[in-house]
Amino acid sequence: MEDSTRDGPTLMSVRDDLIRQEDTIVFSLIERAKYPRNCNVYSTSFLSEIGDVVESPSLIDLFVKESEDLHAKIGMYDNQAEVPFFPHDLPKPIFTPQNQAHLSFLNPVASASANVSKLIWKMYLEQLLPLLTQEGDDGNYASTLACDLLCLQALSKRIHYGKFVAEVKFRAAPDDYSFHIRNKNSDALMELLTFEKVENIVKARVENKGRLFGHNISLHDGEEDGYKVDPCLFSHLYGEWVIPYTKLVQVDYLLHRSLT
Ligand SMILES: C=C(O[C@@H]1C=C(C(=O)O)C=C[C@H]1O)C(=O)O
């Protein structure tokens, strides 16, 4: 295994990063579950119905777009691990860090191509939120949006981290990967990069984290402890969406990676 400080990330260091990102995802989803669904936040008719604007993006569109503009100004998207949901017309960073060595690990063409932001957005709004939140409206739209932003960013970062996973896997076995890349064989690439045992461990671990981080602690004997979010939701999220999307990112990255 290469030295991660000299040659950039290794499969081991990338897997460690993914483990740490699980904490962020589990915590941010537990935070979002404090609030009910608050459907108005996602409705494209909400703002026009209350008469504040003529054209009506949803509150979530507005909030995420404006947040990403701000984040772009401080250089968030110079980091290849961060992928904006609204990439058009982002402002330029207002400063450049001196040490940019960490910014050039990925193949730029492949990195730009591997993007599943639209899938993540749709999955979060249409499939995950109904499982995570109770129906209802408590009017806490600002807090709801702040939580949504953290959840969306954490999921996007984890899933697009597949680019780093793909790059380290490629560098560890360039001949095997190059053969399938030349033949544009996405099925063979998918098979090569899949480690079912690792996936099962990941799913079991996030469920455990859900159990640990979301445990309601009672002070009285005989009182049910319970969980803030059903821990199975986390293994379901990873099994149905996070891991498959990460693998899509890996395959797409590899198919667009130059071999020279
Ligand atoms: C991320 C990796 O690649 C694949 C995807 C995984 C995931 O998204 O957690 C886990 C194992 C692999 O099947 C990896 O090998 O660590």
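The values are calculated or read from the model by the stated rules, or taken from the named source; none is laboratory data. Predicted, not measured: the structure shown is a model, and the values here were computed from it. Note that each Cβ is placed from the backbone with ideal geometry, even for glycine, and that neighbours are counted across all protein chains shown. These area figures cover heavy atoms from the full protein model, side chains too; ligands, DNA and RNA do not enter into them. Shrake-Rupley method; radii C 1.70, N 1.55, O 1.52, S 1.80 Å.
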Distance between Cα centroids, region 183-220 to region 124-168: provide it in whole Å. 17 Å
Which links in K73/K122; K65/K92; K34/K163; K157/K247; K203/K228; K157/K184 stretch past 23 Å when you go from one Cα to the other? K73/K122; K34/K163; K157/K184
Sequence-distant or interchain residues sharing an amide H contact under 5 Å with Y227, placed H: which? N216
Phi angles of region 135-146, converted by Karplus (6.51 cos²θ - 1.76 cosθ + 1.60, θ = phi - 60°) into ³J(HN,Hα) in whole Hz with x for Gly and Pro, give 5, x, 9, 10, x, 7, 6, 5, 5, 4, 5, 4
Solvent-free Debye scattering, log10 I(q)/I(0), computed from the Cα coordinates of region 130-180 at q = 0.22 Å⁻¹: -0.86
Net charge around D89, counting only other residues with Cβ within less than 15 Å of its Cβ (Lys, Arg = +1; Asp, Glu = -1)? -1
Can you list, bin by bin at 10 Å, the percent of alpha carbon pairs in region 6-92, starting at 0? 14, 27, 36, 17, 5, 1
Which of the peptides 17-25, 132-140, 236-244 is most tightly packed, and how do the rest follow, judged by the mean count of other Cβ atoms within 10 Å per residue? 236-244, 17-25, 132-140
Please label the shape of the chain as rounded, prolate or oblate, based on the square roots a ≥ b ≥ c of the eigenvalues of the alpha-carbon gyration tensor (a/c under 1.5 means rounded; beyond that, a/b larger than b/c means prolate, else oblate). oblate
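When the accessible area of region 194-259 is split by element with a 1.4 Å probe, what percent falls to carbon and sulfur?
Numbers: 1990 of 3700 Å².
Answer for region 194-259: carbon and sulfur cover 54 percent of the accessible area.
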Karplus couplings for region 120-133 from phi (6.51 cos²θ - 1.76 cosθ + 1.60, θ = phi - 60°), rounded to Hz, Gly and Pro as x? 5, 4, 5, 4, 4, 6, 8, 10, 6, 4, x, 7, 8, 10
Environment charge of S178, counting only residues whose C-beta is closer than 15 Å and scoring Lys/Arg +1, Asp/Glu -1: +2
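Multiply the residue gap between K228 and K34 by 0.36 nm, knock off their C-alpha separation, and tell me the result in nm, one decimal place.
Details: separation 194, 0.36 × 194 = 69.84 nm, distance 0.82 nm.
Computed gain between K228 and K34 is 69.0 nm.
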How large is ³J(HN,Hα) for each residue in region 169-184, as worked out from phi by the Karplus curve 6.51 cos²θ - 1.76 cosθ + 1.60 (θ = phi - 60°), to whole Hz, x for Gly and Pro? 5, 4, 5, 7, 9, x, 5, 4, 5, 4, 4, 6, 5, 4, 7, 6
At a threshold of 8 angstrom on Cα-Cα distance, excluding pairs fewer than six apart, so keeping six or more, what relative contact order does region 4-255 reach in percent? 27 percent
